[in-house]
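A short worksheet on the structure shown next.
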Amino acid sequence: MSDDLGLWFDPSKCLIAGEWVAPSGGQYLPLENPSTGEKIGQIARGTGADIDAAVAAAEAARHGPWGRMSAAERGRILMTLGRMVLERVDDLARIEALDVGKPLKQARADAVALARYMEFYGGAADKLHGETIPYLEGYTVYTLREPHGVTGHIVPWNYPMQIIGRSVGAALATGNACVLKPAEDACLTALAFAEMAKAAGLPDGALNVVPGLGSEAGAALTAHPGVHHISFTGSVATGVMVQEAAAKNVIPVTLELGGKSPQVVFEDADIPAALPFLVNAGIQNAGQTCSASSRILVQRAVYDQVVERMALRYDALKVGRAMDDLDVGPLISARQKNIVSGFIDKGADLQIAGQGQLVSAPNGGNYVRPTLFANVSPGHCLARDEIFGPVQVVIPFEDEEEAVAIANGTDYGLVASVWSQNGARQMRMAKRIRAGQIFINNYGAGGGVELPFGGMGKSGHGREKGFEAMYGFTVLKTVAAFHG
Ligand code: NAD
């Protein structure tokens with residue numbers, strides 16, 4: 001497939017109040033193709049002034065036609081948008097592959113998920129309601145679920161379409177007006193989505209997009225006194241800054257941060273069924289997945305067998321250009337490649353059980369070989385720190401007690417899975433492992449728009465996806481009427 005971007009919109013603009021405008025500072029950031037390192041265009045370097053304008057546009061939208069629209073009408077626009085996204089799935093996949101290095105099939109899956117979010121939240125928009133509460137004689141009490149107002153959305157580069165879908169989708173469905181700051185390394189699908197939202201009939205100002213640097217446009221958005229809620233997905237370090245900025249304005253934040261998610265394989269597991277999940281959950285999107293399963297915990301009796309069979313799969317992994325659509329593409333940037341290579345170097349004293357092969361890796365692309373480390377002790381940095389690359393460690397354990405201790409032995413708590421045919425053990429493990437999502441005999445990194453998702457510990461707080469996200473994007477008001 002050709003490396004032609006074939007864009008149907010101008011990637012160097014911001015969308016503010018329904019108008020495509022140049023960044024006020026007149027400055028731009030380069031766009032690079034991670035598969036080759038080539039410059040493929042430029043995006044706006046939005047400023048604090050652009051964020052001011054976007055927040056003002058969102059504030060105006062919530063007092064204009066958007067704020068007065070019925071929930072059913074909002075839902076219809078989102079469903080129209082979902083259909084438009086589906087019609088352009090291949091275009092979206094192509095530009096995502098070129099912009100972030102995601103192999104085409106994986107990029108396509110993200111575009112389909114974006115459409116699913118619009119369908120889900122479009123359908124759910126008019127199904128969220130308050131309650132009546134029995135109270136004193138002579139009173140009627142009820143609750144209203146109201147939008148926060150202006151919501152800020154800060155998105156990372158690893159799954160732009162999915163994260164925009166879950167966060168902006170739920171916020172719009174509940175009647176908020178959004179300001180979106182996509183990641184500097186991954187703006188194109190955010191801009192494409194905004195262009196489609198405009199064409200789908202979303203009123204001006206309901207969705208504003210200001211690309212730019214995290215330290216400029218991102219920081220301006222999180223500190224802005226006109227923003228009423230922040231949804232942030234990204235690293236722990238930035239999440240802390242976002243929460244500090246939000247605290248100064250006393251506004252709620254949803255933080256979706258990192259992870260070190262374990263899959264726990266017991267001796268009674270259906271190992272052939274587990275194997276594809278064990279490996280794919282670690283190498284999907286070149287391991288740049290917050291819910292990547294980077295730790296595989298295996299009971300001693302089946303340990304050698306699982307390592308051997310995972311290693312065979314690793315050795316067969318093909319790595320190369322996103323447009324060649326192999327198992328694993330490049331990492332997002334040279335910086336990320338250095339970080340991941342540094343971790344692989346830290347495992348020099350460990351046993352490398354299996355490694356993928358570079359088959360189409362042009363000079364200048366950000367490639368690393370997917371690497372499986374065996375016999376890693378739970379205290380080793382490879383078993384504790386988030387690597388955010390295609391690297392997994394396999395750790396042996398003796399019994400349930402030890403499995404729980406290792407599974408819960410990091411700062412994170414995002415996702416986990418339990419592989420066992422013993423129902424009682426499945427239930428015990430699901431209760432004892434500290435994670436926002438537990439899968440039993442499957443693993444769902446990135447899947448399930450219906451399933452509430454979010455972290456415990458340093459993986460963050462608040463829930464996105466599913467109906468639960470709609471509670472997060474609304475504020476509850478209690479009305480107590482005395483009528484005698
Ligand atoms: P990052 O924190 O550097 O950037 C995320 C976003 O925050 C980007 O849009 C960036 O421009 C913006 N940003 C940076 N500095 C900012 C600041 N001072 N104020 C406001 N915004 C700022 O993270 P990244 O490198 O883009 O993503 C990788 C990290 O994100 C990993 O740690 C990963 O685990 C995490 N992540 C988590 C999830 C999840 O759902 N839990 C999903 C994807 C990524």
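The values are calculated or read from the model by the stated rules, or taken from the named source; none is laboratory data. Predicted model, so just to flag it, every value in this text is computed and none were measured. With ligands, DNA and RNA removed, areas are computed over all heavy atoms of the protein, side chains included. Shrake-Rupley method; radii C 1.70, N 1.55, O 1.52, S 1.80 Å.
Of note:
- Largest to smallest accessible area among D327, D4 [probe 1.4 Å]: D4, D327
- Across the chain, Cα pairs under 8 Å and at least six residues apart give a relative contact order of 19 percent.
- T47 long-range amide H proximity, modeled H, under 5 Å: S24, G25
- Exceedance of the 30 Å cut-off in Cα-Cα distance is limited, within the set K198/K248; K318/K458; K260/K477; K198/K318; K260/K431, to K198/K248; K318/K458; K260/K477; K198/K318.
- Surface composition of the chain: carbon and sulfur atoms hold 53% of the protein heavy-atom accessible area at a 1.4 Å probe.
- 1.4 Å probe accessible area per residue over segment 127-226, in Å²: 30
- Residue-normalised accessible area of segment 261-446, expressed per residue, 1.4 Å probe, Å²: 37
- In degrees, nearest ten, helix 71-87 long axis to first principal axis of the chain (Cα): 50
- Put simply, the amide H of A353, placed in the peptide plane, has neighbours under 5 Å in L372, F373, A374, leaving out anything fewer than 5 places away on its chain.
- Contact order, relative form, for segment 248-302: 50 percent (alpha carbon pairs under 8 Å, 6 or more residues apart, mean separation divided by residue count).
- 10 Å-binned pair-distance histogram of the chain (Cα, whole percent): 4, 20, 29, 25, 15, 5, 1, 0
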